[in-house]
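J.: Provided herewith is a single structure, encoded as structure tokens, for subsequent inquiry.
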Amino acid sequence: MVIERRRMNGLLIGLIAMGLIACSGSVRVPEDSFYRLDIPAPEVVPVTAAIHGTLTVTVDAAAPIYRDRSLLYSSVDTPARLQRYHYHHWIDTPPRLLERQLADYLQTAGVAPQVAARGDRLDGRYRLRLQLHRFEHVRGRDGGHVSLAAQLLLADGTDSELLLREHIQVEQAVAGDTFPAVVEAYQRGVADVFAQVQSMLERL
């Protein structure tokens, strides 16, 4: 009887294990999605450059979390808590994603005769640093919004004189509850940040 009971228990355990394997095999693992930011060129191009010399652009992050390729989110109820979206990533880290585009944007805007990003290995006289303090989706009713904040520093590398220090804060509503809608809000937010940087430089 004992042996027979053990056999029955073993058979039952085997059947349960096979059922679990079959169930797990039917679960579909989500695919990774990667997003780029396509920022439109500036609409207004000044006749004369605001900066008379080569401008080097650097974008970095105030906290290591903003060097993560995963899209980040918080909520209206717990704004101090940041979390990562699983399976949804930028094609590069936000600082690297923005740096090249900001340099190209300012070059097209004509704020300086030549604008270079860090990877160009061109040491310009003027150095613009944009440090990201917020770059996240704040989840809430009707899609929430994206929140972007950065500090802008402009220095004359010749004598290390600080020419400009400004804080930029932008929020853009998310029109829907899909990730493409979130990314579209990011694009509008980054375009707003770039336009503010251009305006600040043109007022020098």
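J.: Report, by residue number, each residue of region 32-82 that is more than 19 Å from V183 (Cα to Cα) and among the polar types (S, T, N, Q).
T.: Answer for region 32-82, where residues must be more than 19 Å from V183 (Cα to Cα) and among the polar types (S, T, N, Q): T48, T54, T56, T58, T78.
J.: Take R139 and tell me if it is touching a helix residue (DSSP H, G or I) at 6+ places or on another chain (Cβ under 7 Å), touching a residue at least 60 places away in the same chain (Cβ under 8 Å) and surrounded by 15 or more Cβ atoms within 10 Å (Cβ to Cβ).
T.: Criteria not met by R139.
J.: Restricting attention to region 174-182, does a residue exist that is under 27 Å from T54 (Cα atoms), touching a residue at least 40 places away in the same chain (Cβ under 8 Å) and buried (at least 19 other Cβ atoms within 10 Å of the Cβ)?
T.: no
J.: Within region 63-93, take every residue that is more than 30 Å from R28 (Cβ to Cβ) and within 15 Å of the chain's Cα centre (by Cα) and give me the one that is surrounded by the most Cβ atoms within 10 Å (Cβ to Cβ).
T.: Applying the filter and picking the extreme gives Y66.
J.: Follow-up. Looking at V197, is it of a type in the set (V, I, T) and closer than 23 Å to A62 by Cβ?
T.: So V197 fits the description; yes.
J.: Still on this structure, please answer the following. What residue, of A149, A185, A103, A117, is buried (at least 17 other Cβ atoms within 10 Å of the Cβ), in contact with a strand residue (DSSP E or B) (Cβ under 9 Å, 6 or more places away or on another chain) and modelled with pLDDT under 95?
T.: It is A117.
J.: On to the next question. With respect to the numbered conditions (1) touching a residue at least 24 places away in the same chain (Cβ under 8 Å); (2) small (G, A, S); (3) part of a strand (DSSP E or B), which one is the sole condition not fulfilled by A149?
T.: In the conditions (1) touching a residue at least 24 places away in the same chain (Cβ under 8 Å); (2) small (G, A, S); (3) part of a strand (DSSP E or B), A149 misses (1) alone.
The values are calculated or read from the model by the stated rules, or taken from the named source; none is laboratory data. Everything numeric in this text was worked out from a predicted model, so none of it was measured. Every residue, glycine among them, receives a Cβ derived from its backbone with ideal geometry; neighbour counts consider all protein chains shown.
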